[in-house]
Amino acid sequence: MGDFSFHADFLVTEVSHLLTTAADALRTGDDAGAERLYAQVLRQQPKSATALHGLACIAGLRGRDDLAIGFAGRAIALSPEPVFHITLGQALAARGHVREGLAALRVAVLGAPEDGRTHAALAHVLERAGQWEDARQAWIAAARRAPFDGAVWVGVARTCRLCGDPAAARDAADRACACAPVTVDALQERAAALAALGLESDAERAFAAVVSRCPDHPAALSNHGAALFALTRLDEAREVLTRSVGLAPDAAESWVNLGLVEMALGHLGAAAEALERAVALRPDDPRIRLNQATLFMEYGRLDEASAVYDAILDRTGLERADAARARFNRATVRLAQGDWHRGWEDFEARHALLPEGTTHLPDWDGSAGAGRVLVEAEQGLGDQIQFLRAIPAAARRVPLCLIVAGPLRRLVRDWLRVEGLATRVSVPDGVPDQCVARCALGSLTGRLEQTEPPIFVPYLGSHRVRVRSGVLRVGLCWGGNPSYRFDRRRSIDPALLACLQTVDHVRFVSLQYGVTTLPFAMEQPPFDDFASLRDIISGLDLVISVDTAVAHLAGAMGCPVWLLNRFGGDWRWFPALRSDGRSVWYPSLRIWPVETPVEPRVAWTGLLRDVGEALTRLAEP
């Protein structure tokens with residue numbers, strides 16, 4: 001008779017060989033071959049936990065997470081190996097059972113605390129659950145145990161960036177790029193960290209480097225397009241993003257990026273199509289809907305925009321930044337409709353979107369006798385000029401220390417001195433120590449419970465009515481800050497202004513800061529701050545300006561202003577805030593709106609023709 005023990009050893013050797021061969025097949029992508037080998041093992045050893053786990057891995061690769069859960073559960077019942085718990089946890093999470101998946105993965109970590117794979121697997125599912133800080137700690141734990149694994153450092157970089165620590169994200173991405181081989185994901189994360197740090201030019205070059213390495217990678221193209229958009233290189237961004245959506249038409253992020261670029265270019269129809277594609281792909285994504293609601297605002301469809309914001313804010317589990325953006329955007333809708341009380345309440349949400357102020361003093365509640373209150377200006381120069389009109393009313397309640405942008409400082413000090421407010425309101429270069437509370441400048445109207453703009457009295461200087469000498473002196477400002485991403489729609493190509501030079505009896509004066517080339521011959525007086533600009537405006541008969549701080553200053557002075565307003569325009573110029581075509585904020589400001597959503601060049605050409613005709617009639621002797 002044969003030796004039975006010899007036969008058993010043979011079977012063990014054969015099974016071991018089959019398992020090794022199956023694992024090799026699975027590693028090289030031959031899942032069908034691996035499946036046949038694991039099945040063969042189970043015919044010989046039905047309780048092979050390794051073979052059952054192999055089948056679980058194959059099922060997961062094929063998207064059959066239900067089968068993966070079953071096979072992994074059977075494997076664990078036979079031998080509770082940490083790696084089996086990893087597979088079970090990943091399959092459970094993929095099926096939507098995230099809590100149960102995290103429990104299985106935490107068992108894996110407890111079973112193999114020094115194995116970086118267990119921590120990395122836990123980190124992946126924590127990301128799926130949106131638990132970013134926990135995910136970051138799990139990735140860091142994985143990196144301690146696998147310091148030369150580039151994919152792990154990519155995870156650290158990604159979660160650091162999403163947790164608001166872009167410096168740590170850049171350091172982690174640098175570690176990922178130092179590992180061999182350097183992956184596209186590592187390069188992408190490094191570029192994303194640079195963008196999060198505000199190093200937009202560096203980020204663009206880094207994203208461009210990724211595209212040069214992978215020219216047909218749709219995500220790389222999308223990220224590069226977003227970086228170009230941040231630098232206002234809009235035509236390049238549009239070209240890159242069009243390529244991206246062509247390669248991956250189901251990528252919602254790319255459609256959003258393209259929609260924003262088209263909006264900035266003034267192609268509102270194309271923007272609407274792109275954002276509709278994004279919404280169709282991810283109808284429940286609040287950020288996509290926020291961008292679509294912004295477009296509704298541009299079209300003047302305020303009720304539709306408001307409905308989107310209401311729906312977003314009714315959701316549970318909304319991220320803080322998304323909630324703040326929805327509330328702030330809803331504020332602009334309400335203010336544009338003249339709903340002051342609710343509008344100013346929502347307007348406070350902007351604080352979550354702006355950098356923190358220079359101090360952590362408690363907020364002023366608007367009550368009198370609270371001690372000196374620090375009032376900090378925020379947002380753009382035009383916003384600051386608009387909201388300065390609330391300073392006298394606030395100063396009657398409490399003494400103020402007013403912090404404004406440098407170019408406005410001398411102008412504001414002059415105004416306070418003329419109004420006799422200099423003893424109640426100081427305008428220092430820094431932040432004094434004696435303040436007991438703080439309030440943002442844009443919040444004063446709400447704190448004072450003003451339900452409408454206060455009665456207008458010229459401030460920041462006054463306009464002197466000139467005695468006509470046969471020629472009108474007209475100030476002209478055609479462009480805003482070019483770094484503003486949507487400046488292409490707000491500003492006018494100087495070449496289009498040539499039609500105005502033919503108007504008789506008008507002498508134009510440039511109010512455009514920092515230009516060396518003028519669209520046609522006109523006066524170009526020097527000015528280096530808004531006090532000197534005020535002096536120039538005081539000697540003009542009329543100011544014609546796009547939506548910039550120049551229009552706000554002239555309006556605040558009571559100077560006649562013609563505001564050339566892009567289609568849609570800012571909330572403060574909407575029809576509900578006009579009276580006989582004039583702004584309720586500045587009664588001397590007449591709004592010349594673009595009435596149809598056509599290409600900016602076409603829109604401005606038609607509007608400038610109308611302005612030229614009106615100016616001709618005004619200048620007639």
(request) Determine whether Thr20 is in a helix (DSSP H, G or I) and either under 29 Å from Trp139 (Cα atoms) or in contact (Cβ under 8 Å) with a residue 40 or more places away in the chain (or both). (result) no
(message) Return the residues of the range 129-165 that are open to solvent by 10 Å² or more (accessible area, probe 1.4 Å), under 22 Å from the mean Cα position of the chain (by Cα) and under 22 Å from Val184 (Cβ atoms); say none if nothing qualifies.
(response) Arg158, Arg161, Leu162
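Results for (1) out of contact with any strand residue (DSSP E or B) (no Cβ under 9 Å at 6 or more places or on another chain); (2) under 18 Å from Gly382 (Cα atoms); (3) hydrophobic (A, V, I, L, M, F, W, C), shown as yes or no for each residue.
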position: Ala395; (1), (2), (3): no, no, yes
position: Val398; (1), (2), (3): no, no, yes
position: Leu402; (1), (2), (3): no, yes, yes
position: Pro407; (1), (2), (3): yes, yes, no
position: Trp415; (1), (2), (3): yes, yes, yes
position: Gly420; (1), (2), (3): yes, no, no
position: Thr423; (1), (2), (3): yes, no, no
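Each row is one residue, and each column tells you yes or no for (1) at pLDDT 95 or above; (2) under 36 Å from the mean Cα position of the chain (by Cα); (3) of a type in the set (A, V, I, L, M).
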position: Val41; (1), (2), (3): no, no, yes
position: Gln44; (1), (2), (3): no, no, no
position: Ala49; (1), (2), (3): no, no, yes
position: Gln90; (1), (2), (3): yes, yes, no
position: Leu105; (1), (2), (3): yes, yes, yes
position: Ala108; (1), (2), (3): yes, no, yes
position: Glu114; (1), (2), (3): yes, no, no
position: Ala120; (1), (2), (3): yes, yes, yes
(request) Name every residue in the range 51-91 that is crowded, with 22+ Cβ neighbours inside 10 Å and among the hydroxyl-bearing types (Ser, Thr, Tyr), in order of residue number. (result) Thr87
(request) Determine whether Leu275 is hydrophobic (A, V, I, L, M, F, W, C) and either open to solvent by 20 Å² or more (accessible area, probe 1.4 Å) or touching a residue at least 40 places away in the same chain (Cβ under 8 Å) (or both). (result) no
(request) Considering only the range 412-447, state which residues are open to solvent by less than 60 Å² (accessible area, probe 1.4 Å), within 33 Å of the chain's Cα centre (by Cα) and without any contact (Cβ under 8 Å) to a residue 24 or more places away in the chain. (result) Gly430
(request) Look through Leu105, Leu126, Leu110, Leu122 and report the one residue that is at negative phi and open to solvent by 40 Å² or more (accessible area, probe 1.4 Å). (result) Leu110
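Yes/no matrix, rows are residues, columns are (1) under 28 Å from Gly164 (Cα atoms); (2) in a loop (DSSP other than H, G, I, E, B):
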position: Pro80; (1), (2): no, yes
position: Phe84; (1), (2): no, no
position: Ala93; (1), (2): yes, no
position: Ala103; (1), (2): yes, no
position: Val107; (1), (2): no, no
position: Ala120; (1), (2): yes, no
position: Leu126; (1), (2): yes, no
position: Arg136; (1), (2): yes, no
position: Trp139; (1), (2): yes, no
(request) Of the numbered conditions (1) touching a helix residue (DSSP H, G or I) at 6+ places or on another chain (Cβ under 8 Å); (2) surrounded by 14 or more Cβ atoms within 10 Å (Cβ to Cβ); (3) not charged (D, E, K, R), Leu353 fails exactly one; give the number of that condition. (result) (2)
(request) Tell me, yes or no, whether the range 291-305 has at least one residue that is in contact (Cβ under 8 Å) with a residue 12 or more places away in the chain, surrounded by fewer than 21 Cβ atoms within 10 Å (Cβ to Cβ), of a type in the set (D, E, K, R) and not in a helix (DSSP H, G or I). (result) no
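Quick one: is Gly470 free of Cβ contacts under 8 Å to residues at least 12 places away in the same chain and either out of contact with any strand residue (DSSP E or B) (no Cβ under 8 Å at 6 or more places or on another chain) or part of a loop (DSSP other than H, G, I, E, B) (or both)?
Working: free of Cβ contacts under 8 Å to residues at least 12 places away in the same chain: no; either out of contact with any strand residue (DSSP E or B) (no Cβ under 8 Å at 6 or more places or on another chain) or part of a loop (DSSP other than H, G, I, E, B) (or both): yes.
Judged against the criteria, Gly470 is not a match.
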(message) Show the residue pairs meeting these rules: Cβ distance below 8 Å; 6+ apart or different chains; first residue within the range 511-523 and touching a residue at least 60 places away in the same chain (Cβ under 8 Å); second residue aromatic (Phe, Trp, Tyr) and open to solvent by 40 Å² or more (accessible area, probe 1.4 Å).
(response) none
(message) Being in a helix (DSSP H, G or I), open to solvent by less than 20 Å² (accessible area, probe 1.4 Å), hydrophobic (A, V, I, L, M, F, W, C) and out of contact with any Leu (no Cβ under 7 Å at 6 or more places or on another chain): is that true of Val308 here?
(response) yes
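Scan the range 58-77 and give yes if some residue there is among the small types (Gly, Ala, Ser) and more than 46 Å from the chain's Cα centre (by Cα), otherwise no. Step through it out loud before you land on a result.
Initially, the range 58-77 is screened for residues among the small types (Gly, Ala, Ser), giving 59-60, 63, 68, 70, 72-73, 75, 77.
Filter once more, so that each one left must be more than 46 Å from the chain's Cα centre (by Cα): 75, 77.
Yes.
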(request) Return the pairs, sorted by first residue and then second, in which the second residue is part of a strand (DSSP E or B) and open to solvent by less than 30 Å² (accessible area, probe 1.4 Å), the first residue lies in the range 392-407 and is under 17 Å from Asp363 (Cβ atoms) and of a type in the set (Lys, Arg), the beta carbons are less than 9 Å apart, and the residues are 6+ apart or on different chains. (result) Arg397/Val373
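Which of the strands (runs of 3 or more DSSP E) contained wholly in the range 507-621 include at least 3 residues that are open to solvent by 20 Å² or more (accessible area, probe 1.4 Å)?
On the way: elements: 542-546, 561-565, 589-593.
Filter on the range 507-621 gives 589-593.
The values are calculated or read from the model by the stated rules, or taken from the named source; none is laboratory data. For clarity, every value in this text was computed on a predicted model and none was experimentally measured. With ideal geometry, Cβ positions are generated from the backbone for all residues, glycine too; neighbour counts draw on all protein chains shown. To get the accessible areas, we keep the full protein, side chains included, count just its heavy atoms, and leave off ligands, DNA and RNA. Shrake-Rupley method; radii C 1.70, N 1.55, O 1.52, S 1.80 Å.
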